[in-house]
Amino acid sequence: MRKLLRPIYFLGLLFVSCSEDTTVTPENAVADLTLQRSEWKTATLTNEIITNQQSISHYEFDATQLSKLIAQEEVTYVWFDLGLNTKNQITFSARGFNKKDLTNHGEITSEIIPTTRNITNIDILQQTKGAETGYNSKESHIISNEDAYNYIFSMNNAYNYDSFEKGFTKQTVRVERIGFGKPVIQRILNTKDSKSIALFLGINKQQEIITILIAKDKNGNLIIDNSNDIETSGRAFDHGGRRPPPPHSNCGGCAEYCESPFWMCCVAEPPCGGGDL
């Protein structure tokens, strides 16, 4: 009996070790995501796609998987890539990149959260007055609760072809991705009690479609508070009005990050020369 238990025990250990290393999307799913990104680049934004988007509340990334992705020393930047699945739904995936050599160090998918399943307490953005941080939003990526609420609900006015097409176009090019420096993603993950990150689409004051990132707790509620703790408090984030650098350049970002607070203090790289998405 003891001889029989030993191989079962080692098989169990192998299963556990394999199960723990599942933070990166499997190869077959990566192939699907590659196809989805390709479909998004060339798709006509039909009424079906727009109608489908109306039924999507937001996209949810698991905090543990995202933490493991950015824990890699080589990862310096996170791209949130758009795609289009076989149901004609817009999708988002996150890729951990090294901006110096443009190496992809892994990818994770998000879960589409439909409006019918949305238990997010969106009204907290109206009910909670955000604490003053003293930091410029273009540096910290933090936006006010009021702006976050208005941007998210302004999407209701974008569910028509003209607004949708215009909102996803920059300098005549289809927007394919939104980027954040790794420390900004780490800052969002530092939010106390965060278990996932919600990615909302919104319309900003320039009538551009943008992403808004907010941490969520284990019950699926947004974590928004009025704490003055700049390192862990619940905030809403967008990409600070910046356009991410093009995929084949080292410009317009942070060459390295410094102290106090680590997630927004950076040594800037040279600015990009236009045409950025």
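Derivation of every value follows stated rules applied to the coordinates shown; laboratory data play no part. No experiment lies behind these values; they were computed from the predicted model shown. Heads up, the Cβs are rebuilt from the backbone with ideal geometry, glycines too, and the neighbour counts pull from every protein chain shown.
Tabulated data
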item	result
Cα gyration tensor shape for the stretch 52-150, rounded if a/c is under 1.5, else prolate or oblate	oblate
The stretch 87-241 - charge dipole about Cα centre, Lys and Arg +1 at Cβ, Asp and Glu -1, debye rounded to 20	420 debye
Amide H within-cut-off set for residue 143, under 5 Å, with H built and near neighbours excluded	236, 237, 238
Tensor-based shape of the stretch 98-226 (alpha-carbon gyration tensor, a/c under 1.5 rounded, otherwise prolate or oblate)	rounded
Residue 106 long-range amide H proximity, modeled H, under 5 Å	96
Peptide ranges 224-235, 56-67 listed from the most packed, as the mean C-beta count within 10 angstrom indicates	56-67, 224-235
Lysines whose Cα lies under 22 Å from that of residue 218, excluding same-chain neighbours fewer than 8 positions away	68, 192, 195
Positive-pole candidate from 63, 150, 78, dipole of the stretch 39-177, charges at beta carbon	78
Phi to ³J(HN,Hα) by Karplus 6.51 cos²θ - 1.76 cosθ + 1.60 over the stretch 161-171, Hz, x for Gly, Pro	4, 4, 5, 5, 5, 5, x, 9, 10, 10, 6
Rounded to whole Hz, the Karplus (6.51, -1.76, 1.60) HN-Hα couplings of the stretch 26-35, x for glycine and proline	x, 4, 5, 6, 4, 4, 4, 5, 4, 5
Cut-off under 5 Å, modelled amide H: who pairs with residue 210 long-range	202, 203, 204
Cβ crowding within 10 Å averaged over residues, with 211-222, 80-91 ranked highest first	211-222, 80-91
